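Asker: I have a structure here, written as structure tokens, and I will follow up with some questions on it.
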Amino acid sequence: MKKYIAEFIGTLFLVLIGCGTAMAVGCDPASGSGYILTAFAFGLGLLTMAYSIGNISGCHINPAVSLGMLISKKIGWKDFWCYIVAQVLGALAGAGLLALIFNGAGIADTTGAFGSNGLTGVGDNAWIGLLVEILLTFAFVISILGVTSDKAKHGHVAGIVIAFSLVAVHILGIGLTGTSVNPARSLGPAIVSAIAGNAAPIGAVWVFIVGPLVGGLLAAYVYRMLER
């Protein structure tokens with residue numbers, strides 16, 4: 001149970017810091033600083049959790065990562081499903097806290113949707129958005145599998161490598177899809193946004209569930225083939 005609580009807390013914190021930063025400073029590529037701050041907020045949020053709960057649950061805080069670990073036989077089916085439930089609940093709680101903070105204090109949400117992902121950067125083309133999410137998640141998950149491999153000799157800096165991998169994919173992806181690479185991170189804000197009356201994000205949320213899961217699956221199989 002401690003592992004699942006850790007995953008809940010970690011995902012909550014990731015959404016709170018990452019999506020909260022996007023809401024506060026904006027992530028329009030044209031604005032520059034807000035774009036970079038959001039990318040680093042997600043990376044630093046993950047870094048903080050990696051060195052906080054990593055020794056308890058492995059700090060997946062992402063169903064796509066958990067899927068990669070399942071395929072790599074680093075977790076079993078029970079942990080896989082329980083991790084996903086904990087991650088989704090954590091994302092919902094994180095987005096709910098953001099709604100409470102921003103709405104309660106009357107702070108403007110620059111994203112308009114609690115940091116939800118969207119397809120405006122790819123011309124509302126769901127299939128291009130899906131491709132972007134598959135590619136970004138593949139890059140992110142394969143970096144995790146590599147740095148946490150039993151053959152890796154730099155485990156003490158694994159959290160730093162993984163965090164900067166997340167920053168890197170955000171720098172490319174924010175202007176395209178807002179960068180999900182994490183179904184829980186997308187689902188939580190989309191549901192809270194829908195509850196608040198903005199149904200747009202929930203309509204496209206399937207892209208940010210399917211894309212990351214496919215990317216994580218491909219990364220796991222490709223890495224397993226390369227490692228043999």
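Just so you know, all these numbers are worked out from the coordinates, no wet-lab data involved. Predicted model, so just to flag it, every value in this text is computed and none were measured. Glycine gets a Cβ as well: all are built from the backbone with ideal geometry, and neighbour counts include every protein chain shown.
Asker: Per-residue counts of other Cβ atoms within 10 Å, averaged by peptide: what ranking do you get for 71-83, 111-123, 172-184, 214-226, highest first?
Answerer: 172-184, 111-123, 214-226, 71-83
Asker: What ranking, highest mean first, results for peptides 45-54, 16-25 when packing means the other Cβ atoms within 10 Å averaged over each residue?
Answerer: The densest-packed peptide leads the list: 16-25, 45-54.
Asker: Also: Placing +1 on the Cβ of each Lys and Arg and -1 on the Cβ of each Asp and Glu in the chain, which of 84, 16, 180 has its Cα farthest towards the positive end of the resulting dipole?
Answerer: Of the candidates, 84 comes out farthest on the positive side.
Asker: Put a dot 7 Å past each Cα toward the Cβ at residue 221 and residue 198; how far apart are the dots in nm?
Answerer: It works out to 3.6 nm between the two label points.
Asker: Test of understanding: extend the Cα→C-beta vector of residue 128 to 7 Å, then name every residue of segment 193-225 with backbone N under 14 Å from that spot.
Answerer: none
Asker: If the chain between residue 55 and residue 85 were fully stretched, how many nm would it gain, using 0.36 nm times the residue separation less the Cα-Cα distance? Provide the component values of the computation, followed by the final result.
Answerer: Working: separation 30, 0.36 × 30 = 10.80 nm, distance 1.97 nm.
Full extension of this stretch gives 8.8 nm more.
Asker: Could you give the size of the charge dipole of the chain about its Cα centre, using +1 on the Cβ of each K and R and -1 on the Cβ of each D and E, expressed in debye and rounded to the nearest 20?
Answerer: My answer is approximately 760 debye.
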